[in-house]
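Worksheet for the structure shown next.
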Amino acid sequence: MAGAMFENYVVSEIIKGYANNGMDIKSRLTYYRDNNGKEIDLMIFENGKLYPVEIKMSADPGKKALKNYSILDSFQEETGEGAVLCMSSSVIPLDEKNKLIPIKAIWCGR
């Protein structure tokens with residue numbers, strides 16, 4: 001239950017950040033879940049690209065957090081860099097297109 005509450009908190013903080021900056025939330029933020037149980041916690045549409053975001057309470061969720069990003073290959077939108085928001089202390093590259101991002105980063109842009 002703690003992981004779900006953490007995810008909800010992070011998403012609500014991101015939504016507040018967009019709203020406080022006068023940005024349209026409905027056209028920029030969504031999530032993905034299909035009937036096979038594959039999900040992506042948050043998808044951000046910016047500048048014609050789709051940016052996938054997973055949210056993990058762990059400090060080092062590793063590449064397994066990216067397991068559902070492959071579903072994006074079937075989307076028509078161009079995909080940007082992916083992020084795994086987590087309890088990491090610094091930005092850590094997972095591969096050429098995805099990074100672990102410390103949760104504190106969501107407050108730094110305000």
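Please treat every number below as a calculation from the coordinates, not as lab data. Remember, predicted model here, so these are calculated numbers, not experimental data. In this analysis, Cβ positions are derived from the backbone assuming ideal geometry, glycine residues included, and neighbour counts consider all displayed protein chains.
Would you confirm whether any residue within region 64-83 is assigned to a helix (DSSP H, G or I), of a type in the set (Gly, Ala, Ser), in contact with a strand residue (DSSP E or B) (Cβ under 6 Å, 6 or more places away or on another chain) and within 14 Å of Leu42 (Cβ to Cβ)?
Yes: one or more hits.
If I ask for residues that are without any contact (Cβ under 8 Å) to a residue 12 or more places away in the chain and either surrounded by 15 or more Cβ atoms within 10 Å (Cβ to Cβ) or assigned to a helix (DSSP H, G or I) (or both), which ones from region 1-18 would you list?
Correct list: Ala4, Met5, Asn8, Tyr9, Ser12, Lys16, Tyr18.
Scan Val84, Val91 and give me the residue that is surrounded by 13 or more Cβ atoms within 10 Å (Cβ to Cβ), in contact with a Lys or Arg (Cβ under 8 Å, 6 or more places away or on another chain) and not charged (D, E, K, R).
One residue alone meets the criteria, Val84.
Filter region 94-110 for residues that are surrounded by fewer than 16 Cβ atoms within 10 Å (Cβ to Cβ), touching a residue at least 24 places away in the same chain (Cβ under 8 Å) and either acidic (Asp, Glu) or under 16 Å from Lys56 (Cβ atoms) (or both) and give the result.
Asp95
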